[in-house]
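Worksheet: the structure to be examined is printed underneath.
Taken together, the values in this text are just the output of simple stated rules run on the coordinates, not laboratory data. The shown structure was predicted, so the numbers you read here are calculated from the model rather than taken from an experiment. All Cβ positions, even for glycine, are placed from backbone atoms using ideal geometry, and neighbour counts span all protein chains on display.
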Amino acid sequence: MVAVAGEASRGVRVRSIAKRDRIFGLLVSAPGLAALLLVILFPLLFTLYTSIHDYTLIHPTFDTFTAADKYVEAVGEPYLHTSVWVTIKFVIASVVIEFIIGFTVALMLNTVERFKTVYYLILMMPLLINPVVVGLIWRMLLHAELGIANYAIGFLIPDELRANQDAPFDMDRDGTLLVTQLQMIRRERAFAADFMAGSVWGTTVQGTVNFVKWSDYGGSDPLTDLRNALRTVQLNTGRRPNKIVMGQIVWDRLVDHPDLIDRIKGGATSQNPAIAQPQLLAALLNLDEVLIGQASYDSAVEGGTFSGAMILDDDLLMLYTPRNPGLLIPAAGYTFVWESMVNGRQAPQFIRKVRLEREKADVVEAHAYWDQVATETQSGYFFQDCCD
């Protein structure tokens, strides 16, 4: 009787330990299972739910229930059957080929005794490298400065908005002007990031550290500073700089600087005051062009409080660019353009109107493919923090 009771007690303890083990195993695996369900199951269910509603990126709502309309529409597409057949052939061919190669390699490795672990590691490397390489490729394609991805912006024009516009207004024209302006701002911001930086050019000088800031009208000498830059670039490259790019604040300080005003004030009158113009600076330094960046943008995050900022700040870049670009001609930088084909013609940038019948609206889109590169850094001389 005692032996039976002892055996029953041991059986209870064994069941209790097994129960605790099962609970512990569930607790340990619960986070992983939850993450797996979140990553796999939720997107699948959300996609199925979205597919039976009139949900678009432009109108992300679930107001209209469409049932299986989208599936019926997809089945009616002429390209669906071709796509399905190509997919089936690819899956069958890839599975058969991979199985044959994998099975052959497995049989060969099964007979190997020495360095088997090394061979396994070599076989596993492609599996580990592949996602890394794919990630790096997409990162490069979508890189804000180095990528070749399309810079695109769109403006939605609903039919009811166009129908109710007053006579002086034209939504298609205004939308075209808007997307064009946004593209120009994007391109100028890229120019500022790629070129208006001290780390880019062969020579960089900083206000207060290397020269007196030009806002100090009593102690600064901007013309001497600029002529020193001209000589430096010409000495390093054999080409005399022919352009200057500066921010609006720099020109605002230069336009009132005594060194420039003294050159023109002799003939000044009340009707013709002594006002320095960019052409005057270009003539004094024998330059082809003086460009002043006047564009601004909202530097706040989307949805945040407006915070206006100038794209080009208190910096100045002196550089040489040839009038006719060439592979063997030194140039500070180039804008490389990937030309698309639009209506049978090459178009480095283009605007098109796309009809969204379901949304009963048109979208005016601006597209551009380009990249800006400093090709000869010694052809540029950068003045950083020119003024206050």
Net charge near Met171 (other residues with Cβ under 13 Å of its Cβ; Lys, Arg +1; Asp, Glu -1) is -4
Pick out which of Ala368, Ala283, Ala167 has the largest mean-square fluctuation in a Gaussian network model of the chain, springs linking Cα atoms closer than 10 Å. Ala167
Sort Val179, Val133 by Cβ crowding within 10 Å, fewest neighbours at the top. Val133, Val179
Computed FRET value (nearest 0.05) for Thr61 with Asp259, which takes r as the C-beta separation and R₀ as 56 Å: 0.35
Among Leu316, Leu230, Leu280, residue whose mean-square fluctuation peaks in a GNM of the chain (springs only between Cα atoms under 10 Å): Leu280
Rounded to the nearest 10 degrees, what's the angle between the helix 42-51 long axis and the longest principal axis of the chain, both from Cα atoms, 0 to 90? 70 degrees
Measuring from the longest principal axis of the C-alpha atoms of the chain, the long axis of helix 78-110 (C-alpha) lies at a number of degrees, nearest 10, equal to 70 degrees
Simple SL model, points at 7 angstrom along Cα→Cβ for Trp338 and Met140; separation in nm is 1.2 nm
Can you spot the aspartates and glutamates whose alpha carbon is less than 20 Å from Lys70's alpha carbon? Ignore those fewer than 8 places along the same chain. Asp54, Glu357, Glu359
Asn228-Glu289 FRET efficiency (beta carbon distance; Förster radius 25 Å; 0.05 resolution): 0.80
Matching label for the computed Rg and Dmax of the Cα atoms in Å, out of (i) 21.5, 69; (ii) 32.0, 109; (iii) 33.7, 128, is (iii)
Rounded to the nearest 500, what is the 222 nm mean residue ellipticity of the chain from helices alone, with -39500 (n - 2.57) per DSSP H run of 4+ residues and division by all residues? -15000 deg cm²/dmol
For a label point 7 angstrom out from the Cα of Met124 toward its Cβ, which stretches of region 79-118 have the backbone nitrogen within less than 19 Å? 102-103, 105-118
Where does helix 171-195 land angle-wise versus the long Cα axis of the chain, in degrees 0 to 90, nearest 10? 80 degrees
